[in-house]
Amino acid sequence: MPTFLPARRLALLLVCALAGRAPANPAFAQAAPNWPTRPITIVVPGAAGGSIDIPIRLLARTLSARLGQAVVVDNRPGSGGIIGTQTALRAPADGHTLLAGNVGPQAINYSAYKSLSYQPSDLVPIIDIIAFPNVLVVNAQSPVRSVTDLLAQLKQHPGELSFGSAGIGQTSHLAGELLKIRTGTDAIHVPYKGSTPATTALLASETSFQFDNLTQALPHIRSGKLRALAVTSAQRMPSLPDVPTMAQAGLDNFLSTAWVGIFVSAKTPPTLVTQIEQQLAAAMSDPDLLAKIREMCGLPGGQSRTQFTAFVANEREKWGEVIQTSHMTLD
């Protein structure tokens, strides 16, 4: 006949057995921490009310509603995004400080500065939030009516036509340099202190063409003062359905967007990184948030961490090539 152990002794044996096996189960031994446990800060390396700040505030509102925690936007403008990036990296890597990284400090700066206080390996890309394409425009009085016309003019008058930009190292500048590289043409770069004065100069025919921010250029296109030749996005923009992409206009491999995405310190525990990615992905599927991004003439993000990481690496390589070829430096 079988021998039955007293209930109390059996219970003790079961507890001991489970305790002895627990370390062999990584999921049991390293349970995911509870996140978030306090308000979250998103560091924005730009001024309040700017093209980086506004979509991040929309994201913060959506994320706060999901998590039941306050999400605070901390604006740290200056030095081409370096100050904001440094601020985020100095914070504890516990998932409660996120960085609103963008094409400047997280792609362009690595080649534009000879000495930089951070490296790509210091950050983990999580998800893209928004991308603003540029639009190639000319004054409406210009005889140029297409990208083909513009290239013909550039080849007939090498080094004579000029293009304005929002400043040295801005995407509006680098897109112009990319055009020169891809087409073997030459043009004079005229940097301005922002998109508005650059657009004003084009309206006054002080420059020949420009890769302008779509949001900035759209009112002038609709009023008939500027002529749009092509957009630098992969697809046509709903706000300009009759304007082709650069690829449709005959120039392949010509994507140029001012993108914004969320990054965290590389020191952040992997379990936290996964949780942050899941919550941000859920926030980026919110219909109201997506609608507001489109209203800003932006392209909504939502790539997976793997996709966004590959995208950021490609951006570093692409703009690095342009910067090296044009001998540009921001130091």
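The values are calculated or read from the model by the stated rules, or taken from the named source; none is laboratory data. As the structure is a prediction and not an experimental result, all values here were calculated from the model. Here the Cβ is made from the backbone with ideal geometry for all residues, glycine too, and neighbour counts use every protein chain on show.
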TODO: Taking only segment 187-198 into account, find how many residues are within 18 Å of Thr215 (Cα to Cα) and under 23 Å from the mean Cα position of the chain (by Cα).
DONE: 6
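Residues that are of a type in the set (A, V, I, L, M, F, W, C) and under 24 Å from Asn213 (Cα atoms): which strands (runs of 3 or more DSSP E) entirely in segment 80-186 hold 3 or more of them?
Working: elements: 97-102, 123-139, 162-165.
The strands (runs of 3 or more DSSP E) meeting that bar are 123-139.
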Task: Unique residue being part of a helix (DSSP H, G or I), more than 16 Å from the chain's Cα centre (by Cα) and buried (at least 19 other Cβ atoms within 10 Å of the Cβ) when the list is Leu63, Leu59 - done: Leu63
Task: Matching entry among Leu89, Leu98 (being aliphatic (A, V, I, L, M) and either on the phi > 0 side of the Ramachandran plot or surrounded by 24 or more Cβ atoms within 10 Å (Cβ to Cβ) (or both)) - done: Leu98
Open item on the list: Being touching a Lys or Arg at 6+ places or on another chain (Cβ under 9 Å) and either of a type in the set (D, E, K, R) or assigned by TED's automatic domain parsing to the domain that holds Glu321 (or both) narrows it down to one residue among Ala187, Ala283; which is it?
Closed with: Ala283
Task: Index of the failed condition, Gln69 passing every other in (1) closer than 24 Å to Asn213 by Cα; (2) in a loop (DSSP other than H, G, I, E, B) - done: (1)
Open item on the list: Going through Leu154, Leu150, Leu98, Leu136 one at a time, which residue ends up being more than 23 Å from Ala230 (Cβ to Cβ) and not aromatic (Phe, Trp, Tyr)?
Closed with: Leu98
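From the list Met246, Met237, pick out the single residue that is in contact (Cβ under 8 Å) with a residue 60 or more places away in the chain, in contact with a Phe, Trp or Tyr (Cβ under 8 Å, 6 or more places away or on another chain) and outside the structural domain of Gly104 (by TED's automatic domain parsing). Working first, answer last.
Working: Met237 fails: in contact with a Phe, Trp or Tyr (Cβ under 8 Å, 6 or more places away or on another chain).
Criteria check complete, one pass: Met246.
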TODO: Kindly indicate which of Val144, Val103, Val124 is under 16 Å from Ala313 (Cβ atoms), surrounded by fewer than 24 Cβ atoms within 10 Å (Cβ to Cβ) and either out of contact with any Gly (no Cβ under 9 Å at 6 or more places or on another chain) or not small (Gly, Ala, Ser) (or both).
DONE: Val124
